[in-house]
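Engineer: The structure that follows is given in the form of structure tokens.
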């Protein structure tokens, strides 16, 4: 792990990332030493930094450290954390903010290929997402809702939990964005009040027309296809939610294929 | 600072307190080496631990460490942080949770006596509190709302910011609970959907009858008295919100006096 350019695995207790969750993170697939969708991740990190009034990111420095860390990573997960740095006790931010940047490499999870081919099993979480437009969409370090939702099940046959918000709208998975297809149209939740706007969500919007809207569980249950996505897993079809079965349809397969091509293209381009 | 009984000032980057804000904290006044309202703080910590599905606190161990750290503290602030400990990447909690406990001492802030005698100046924050019944009331480590609200002003003549929730109800200060008096009755916000249920809030409920209800800024503006409270500042009357002046009234003064007596009693009892 690299903390402000130094190899270490600890952080100051007074770091505001620890004291208040005062920071952001990104989770990036690394394939053959190449961070996939790096530009998109850094753009989101920059945008969200502005929303949290963090100092402007030094992207050049960050990129050189990413390169340093990933040069022999093979297939891995790169996590970047940016915090508001150390400061005294109290919510007031220090006058001179010196952000902390942490880069860490983690093993790429060995998900079975069948999750990709046949789809996953999901459940409906009891934990509801709260509503907060100021924080909605951001990948910030205040993640207790996801922690509580993920703590609801131990069954390893269930790969994801679907979260509703306190208004009972379906929003996303604990670690994924969620899409569904109905009559050939693609839908996903609007994330104005809660949820995390994932990089892959954004990428899917670039591939085809998507309707962002508020929908209930009953809408989801009538879907022709359902899939979830994030930067590490890519796209997984959903074959079952609670007791109900779904087919892995053509739009899901098409997006999976296009995404795989895009990743291969990024690797080939970077290596060349 | 004491981390799991050892003196150090760093924490593992993989600690879930840092990764996800997966933990709780308490901020305690220490007067003449005595932690004030310790029993109440530990009770809240225990209750909130249960709400976060953290393992049962070892209160005996915690108390002995508190005693160790406070024995020469004089007047100070003691902060206790409990996290879910280290775990792998991902929201799923480890099978074997080994919580991290951190005790730290901080200088007691030198607030001018006039805040206490004459009241403080407050403003209305633009940042709204989100709604989330699962997390409401807890003093957990997900505190970005308070950080963003406190970042709204630099003016040192303003001591507190009053926060509304997204439904425009008045809830609390960025670091305090808020009460108001109207026609001899005491009111405060209900904290079912947001806010932090402070130790002093609870103590005030034990002193006199309080009506918990939803109220708007216009209700607050017609108050006879307003005060804010927390474990470190005690009780401060509010003399001004934005451009409007308020009197520091008898109920505020009475509670300030009773609280001071209670603290002196606790110190005297502990020293004896």
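The values are calculated or read from the model by the stated rules, or taken from the named source; none is laboratory data. Worth saying up front: this structure is predicted, and the values here are computed from it rather than measured. Virtual Cβ from ideal backbone geometry, glycine too; neighbours counted across all protein chains shown.
Engineer: Restricting the search to region B:67-87, which residues are within 13 Å of chain A (Cβ to nearest Cβ), touching a strand residue (DSSP E or B) at 6+ places or on another chain (Cβ under 8 Å) and more than 16 Å from residue B:9 (Cα to Cα)?
Structural biologist: Restricting attention to region B:67-87, the residues satisfying the condition of being within 13 Å of chain A (Cβ to nearest Cβ) are B:76-87.
Those left that are additionally touching a strand residue (DSSP E or B) at 6+ places or on another chain (Cβ under 8 Å): B:76-86.
Scanning region B:67-87 gives B:76, B:77, B:84, B:86.
Engineer: A further question on this structure: Among the listed residues B:195, B:184, which satisfies the condition of being at pLDDT 95 or above and surrounded by 14 or more Cβ atoms within 10 Å (Cβ to Cβ)?
Structural biologist: When all the criteria are applied, what remains is B:195.
Engineer: Another question about this same structure. For residue B:96, work out the one condition from (1) at pLDDT 95 or above; (2) more than 10 Å from chain A (Cβ to nearest Cβ); (3) over 24 Å from residue A:25 (Cα atoms) it doesn't fulfil.
Structural biologist: (1)
Engineer: Under the condition of being facing another protein chain (nearest Cβ under 7 Å) and farther than 25 Å from residue B:148 by Cα, which residue from region A:140-163 is surrounded by the most Cβ atoms within 10 Å (Cβ to Cβ)?
Structural biologist: Checked region A:140-163; the qualifying residue surrounded by the most Cβ atoms within 10 Å (Cβ to Cβ) is A:150.
Engineer: Please determine, by comparing only the residues of region B:116-139 that are more than 18 Å from the chain's Cα centre (by Cα) and not in a loop (DSSP other than H, G, I, E, B), which one is surrounded by the most Cβ atoms within 10 Å (Cβ to Cβ).
Structural biologist: Result: B:131.
Engineer: Check whether at least one residue in region B:217-226 is under 20 Å from the mean Cα position of the chain (by Cα) and over 23 Å from residue B:135 (Cβ atoms), and report yes or no.
Structural biologist: yes
Engineer: Regarding residue A:175, is this residue surrounded by 17 or more Cβ atoms within 10 Å (Cβ to Cβ), touching a residue at least 24 places away in the same chain (Cβ under 8 Å), under 22 Å from residue A:251 (Cβ atoms) and in the same structural domain as residue A:242 (by TED's automatic domain parsing)?
Structural biologist: yes
Engineer: Give, as residue ranges, the strands (runs of 3 or more DSSP E) completely inside region A:146-242 that count at least 2 residues that are closer than 26 Å to residue A:111 by Cβ.
Structural biologist: Details: elements: A:160-164, A:170-173, A:177-182, A:185-189, A:210-213, A:225-230, A:234-241.
The qualifying strands (runs of 3 or more DSSP E) are A:160-164, A:170-173, A:177-182, A:185-189, A:225-230, A:234-241.
Engineer: Here is a follow-up. How many residues, within region A:109-125, are free of Cβ contacts under 8 Å to residues at least 40 places away in the same chain and within 9 Å of chain B (Cβ to nearest Cβ)?
Structural biologist: 0
Engineer: How many residues does region B:15-60 hold that are facing another protein chain (nearest Cβ under 8 Å), outside any strand (DSSP E or B) and buried (at least 18 other Cβ atoms within 10 Å of the Cβ)?
Structural biologist: Residues in region B:15-60 being facing another protein chain (nearest Cβ under 8 Å), outside any strand (DSSP E or B) and buried (at least 18 other Cβ atoms within 10 Å of the Cβ): 8 in total.
Engineer: Another question, then. Identify the single condition in (1) more than 22 Å from residue A:127 (Cβ to Cβ); (2) in contact with a strand residue (DSSP E or B) (Cβ under 7 Å, 6 or more places away or on another chain); (3) exposed (fewer than 14 other Cβ atoms within 10 Å of the Cβ) that residue A:216 does not satisfy, given that it satisfies every other one.
Structural biologist: Of (1) more than 22 Å from residue A:127 (Cβ to Cβ); (2) in contact with a strand residue (DSSP E or B) (Cβ under 7 Å, 6 or more places away or on another chain); (3) exposed (fewer than 14 other Cβ atoms within 10 Å of the Cβ), only one is false for residue A:216: (1).
Engineer: Residues that are within 14 Å of chain B (Cβ to nearest Cβ), in contact with a strand residue (DSSP E or B) (Cβ under 7 Å, 6 or more places away or on another chain) and crowded, with 21+ Cβ neighbours inside 10 Å: does region A:2-13 have at least one?
Structural biologist: yes
Engineer: Let me confirm something: among B:227, B:205, which residue is over 22 Å from residue B:140 (Cβ atoms) and at pLDDT 95 or above?
Structural biologist: Within the list B:227, B:205, the selection yields B:227.
Here is a yes/no grid of residues against (1) assigned to a loop (DSSP other than H, G, I, E, B); (2) exposed (fewer than 13 other Cβ atoms within 10 Å of the Cβ); (3) in the same structural domain as residue A:189 (by TED's automatic domain parsing); (4) under 19 Å from the mean Cα position of the chain (by Cα):
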position	(1), (2), (3), (4)
A:63	no, no, no, no
A:73	yes, no, no, no
A:80	no, no, no, yes
A:89	yes, no, no, no
A:97	yes, no, no, no
A:102	no, no, no, yes
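Engineer: How many residues are more than 11 Å from chain A (Cβ to nearest Cβ) and under 22 Å from residue B:233 (Cβ atoms) when one looks only at region B:164-175?
Structural biologist: First pass over region B:164-175, keeping only residues more than 11 Å from chain A (Cβ to nearest Cβ): B:164, B:168-172.
Now drop any that are not under 22 Å from residue B:233 (Cβ atoms), which leaves B:164, B:170-172.
Of the residues in that region, 4 qualify.
Engineer: If I go through region A:78-108 residue by residue, how many of them are on the phi > 0 side of the Ramachandran plot and free of Cβ contacts under 8 Å to residues at least 40 places away in the same chain?
Structural biologist: Of the residues in region A:78-108, 1 are on the phi > 0 side of the Ramachandran plot and free of Cβ contacts under 8 Å to residues at least 40 places away in the same chain.
Engineer: Using the structure shown, decide if residue A:63 is modelled with pLDDT of 95 or more, more than 10 Å from chain B (Cβ to nearest Cβ), touching a strand residue (DSSP E or B) at 6+ places or on another chain (Cβ under 9 Å) and more than 22 Å from residue A:135 (Cα to Cα).
Structural biologist: Values: modelled with pLDDT of 95 or more: yes; more than 10 Å from chain B (Cβ to nearest Cβ): yes; touching a strand residue (DSSP E or B) at 6+ places or on another chain (Cβ under 9 Å): no; more than 22 Å from residue A:135 (Cα to Cα): yes.
No, not satisfied.
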